[in-house]
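Report on the structure given below.
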Amino acid sequence: MGGNGLQAFPARHPVCGDGKPLEVPMRSSTILLALLLSLPVLAANPEGYPLHLTFDDGPNPATTPQVLAILARHEIKATFFVCGSRLASQAGQRLLEAIVAGGHQVANHTWDHPWLTRLGDAAIRKQIADTRAVIGDRENGFLFLRPPGGFHDTRVDALVAAAGYRLAMWDIDTNDWRFNSWRRKGDPRGAPANFLAYVGRETAAAMKSSRLREGSVVLMHDIHAYTANRLEALVQNWEKQGCRFVDHLGFWPRYRP
Ligand SMILES: [Zn+2]
């Protein structure tokens, strides 16, 4: 990874996206030269633009297994920001085990998905601690928390940090959870009717952004059939765009413990 230090970390996690060159179907050096000249971001990231996939709000017995199977087929390791209330049942615990067995990172998305900015300090602490308790030791030493809805402020940040967690937001929002209603009601952000094209456009914008030169964290939701049914095509589109999948949030300097 051209000097941005993504490779050296983390030692505790198995790595598969590590330094494998982007498999460009090259017939001649001319094609490679054209690729590098036309895609300056790829030139900065010769192994491909780094993406890390994250899935929030689950697990869901109806959809999470499908997501896990697709990730396994493509040898992608993701982060699952789970809700504690979904792990209390035996079915929930089995799904948690399946996520861990797939080599993915489990992370904290609170107990039942409240907007933390609306809760008192004690309630916030309880949301975090109860979820941590039901996850058990499966966070593998990495404590990442994503606030529901992305809502946080300095008070929430301080409580998250005091609980030992690192706030983990995202760069590319697929808007998977509301794309059906966007399509029905008309899309306020001018997204095309095609979900894959929309995500591709958001990814292309991130790839051009100098702020995101080190790669992007992608937000999705494994609780929706909508997402599970499109994940394979999404992954293939990202590969075509010149992205590669990074296995762990800890590869990014901004998410290091
Ligand atoms: Zn959420």
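Since every read-out is calculated from the coordinates, none of them should be taken as a lab result. Model, not experiment: these values are computed from the prediction. No Cβ is skipped: glycine too gets one built from the backbone with ideal geometry, and neighbour counts run over all protein chains shown.
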Taking a ≥ b ≥ c as the square roots of the Cα gyration tensor eigenvalues, with a/c under 1.5 meaning rounded and otherwise prolate when a/b beats b/c or oblate if not, region 209-257 comes out oblate
Three-way shape label, region 45-255, alpha-carbon gyration tensor, a/c 1.5: rounded
Links that overshoot a 32 Å alpha carbon limit, given the list K185/K240; K77/K185; K77/K208; K126/K208: K77/K185; K126/K208
Need one word for region 153-257: rounded, prolate or oblate. Basis is the Cα gyration tensor (sqrt eigenvalues a ≥ b ≥ c); a/c below 1.5 gives rounded, then a/b vs b/c decides. prolate
Would you work out the charge dipole size for region 45-255 about its Cα centre, treating the Cβ of every Lys and Arg as +1 and the Cβ of every Asp and Glu as -1, and quote it to the nearest 20 debye? 440
In nanometres, what is the gap between the two model label sites at R211 and W182, each 7 Å from Cα along Cα-to-Cβ? 1.9
Go through W177, A158, A129 and say which Cα lies farthest out towards the positive end of the charge dipole of region 125-197; charges sit on Cβ, +1 for Lys and Arg, -1 for Asp and Glu. W177
